[in-house]
Amino acid sequence: MADDAHAAALTAQPEQRAPLLGIDLGGTKIEGLLLGADGRALWRERVPTPQGDYRATLDAIAALVAHAEAAAGSAPLRVGIGTPGSETAAGRIRNANSTCLNGQPLRSDLQATLGRPVRIANDANCLALSEATDGAGAGAAVVFAVILGTGVGGGLAVNGDVLAGVNGLAGEWGHNPLPWADPETDAEPAACYCGKRGCIETWLCGPALARDHAKHSGEQLDAARIAARAASGDAAAEASLARYAARLARALAAVINLVDPDLIVLGGGLSRIEPLYAQVPRLWPRHVFSAGADQPLRTRLVPSLHGDASGVRGAAWLWRAAAQRVR
């Protein structure tokens, strides 16, 4: 309760114009971004994520906060954290593909380490908040945001406010099974870290694209090189991207059937694959209920306006979003 009271006091004061610090805790890097009240980036720094080391991860975040405060010339800054997974009711992280976080009281430990309240949200929710606030989805009623990277996640914003859900699971699209699986191309579902097989994440993450390409071509390439090869006319790479686009279209068609968003925003490394924005909307109508020539789909598929900075911007905006709810 004391933390909540302190947080409410911070959000209620006129220092809302003070800079906000976002931290994006990723599987390979931790990024800090100092954001002005007008949305301008004032400072930015990235460090490698300590692999499999929870205590070192806390220390790396604390060091970024110290660097940001030195850059801002003020302390303490209000800190928002975007993390894989989500918090349980007991305040412990679950479902994170950075598995050293699972079961840990991340927010409590960070608050003790930093000596102040900290706001935490799922990284895809941070992407949704960023893009709904001042990004590609600004002004849209319903925005579904997707991270396509080392893992796959989703976040949902309605009228600019992220929906977490009563269980904190809203948007956990990556851990549904791939819908309308093709028996020829999707016959070998892979195991997922969550304990199930054939989750959307196991088909659409970057390593999945690389694995699929290796299976069909015999060549080991990462997702970025596959996309580059496809752009240069390599037939095997083009075929791999076509299979990927078909899976993504089916997975997003299920989202349209359930949520019917104004737009779907892609973030993460695979969001840079330009052909997806033409291919996927051409494919998804065949899986969307009642879509047809007399009922064209109006849902748009767009890249995040803020690129790979969008998630960390959303983490910074967590404090402003909280203040608006208080009002």
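A few comments on the model shown:
- Test: ALA140 is in a loop (DSSP other than H, G, I, E, B), of a type in the set (A, V, I, L, M, F, W, C) and under 17 Å from ASP262 (Cβ atoms): yes
- Selection count where residues are in contact with a strand residue (DSSP E or B) (Cβ under 7 Å, 6 or more places away or on another chain), surrounded by fewer than 20 Cβ atoms within 10 Å (Cβ to Cβ) and not basic (Lys, Arg), scope the stretch 193-205: 1
- Among the residues listed as ALA75, ALA68, ALA63, ALA56, the single one being modelled with pLDDT of 95 or more and surrounded by fewer than 14 Cβ atoms within 10 Å (Cβ to Cβ): ALA56
- Condition check for VAL162: under 21 Å from VAL259 (Cβ atoms), of a type in the set (A, V, I, L, M) and free of Cβ contacts under 8 Å to residues at least 60 places away in the same chain: no
- When the residues of the stretch 79-115 are filtered to those that are in contact with a Phe, Trp or Tyr (Cβ under 8 Å, 6 or more places away or on another chain) and not β-branched (Val, Ile, Thr), the one that is surrounded by the most Cβ atoms within 10 Å (Cβ to Cβ) is GLY80.
- Residue check, GLY171 buried (at least 20 other Cβ atoms within 10 Å of the Cβ), within 21 Å of the chain's Cα centre (by Cα) and not hydrophobic (A, V, I, L, M, F, W, C): yes
- Check on PRO50, part of a loop (DSSP other than H, G, I, E, B), out of contact with any strand residue (DSSP E or B) (no Cβ under 8 Å at 6 or more places or on another chain), touching a residue at least 12 places away in the same chain (Cβ under 8 Å) and surrounded by fewer than 22 Cβ atoms within 10 Å (Cβ to Cβ): no
- Among the residues making up the stretch 107-118, those that are in contact with a strand residue (DSSP E or B) (Cβ under 6 Å, 6 or more places away or on another chain) and either assigned by TED's automatic domain parsing to the domain that holds TRP173 or more than 22 Å from GLY151 (Cα to Cα) (or both) are LEU110, GLN111, VAL118.
- Residues that are more than 24 Å from ARG40 (Cα to Cα) and either crowded, with 19+ Cβ neighbours inside 10 Å or at pLDDT 85 or above (or both), drawn from the stretch 296-327: LEU297, ARG298, THR299, ARG300, LEU301
- Exactly one residue out of ALA237, ALA228, ALA251 is touching a Leu at 6+ places or on another chain (Cβ under 7 Å) and either among the small types (Gly, Ala, Ser) or not assigned by TED's automatic domain parsing to the domain that holds TRP203 (or both), and it is ALA251.
- Taking the stretch 65-118 as the range and being touching a Cys at 6+ places or on another chain (Cβ under 8 Å) and in a strand (DSSP E or B) as the test, the residues that pass are GLY80, GLY82.
- Tabulated pairs, the stretch 305-316, first assigned by TED's automatic domain parsing to the domain that holds GLY154 and of a type in the set (Phe, Trp, Tyr), second surrounded by fewer than 24 Cβ atoms within 10 Å (Cβ to Cβ) and modelled with pLDDT of 95 or more, C-beta under 7 angstrom, 6+ apart or interchain: none
- Test: residue in the stretch 177-186 that is buried (at least 23 other Cβ atoms within 10 Å of the Cβ), farther than 17 Å from VAL302 by Cα and modelled with pLDDT of 95 or more: no
- For the residues ALA68, ALA112, the requirement of being in contact with a Gly (Cβ under 7 Å, 6 or more places away or on another chain) and free of Cβ contacts under 8 Å to residues at least 60 places away in the same chain singles out ALA68.
The values are calculated or read from the model by the stated rules, or taken from the named source; none is laboratory data. Since the structure is predicted, the reported quantities are computational estimates derived from the model, not experimental observations. Heads up, the Cβs are rebuilt from the backbone with ideal geometry, glycines too, and the neighbour counts pull from every protein chain shown.
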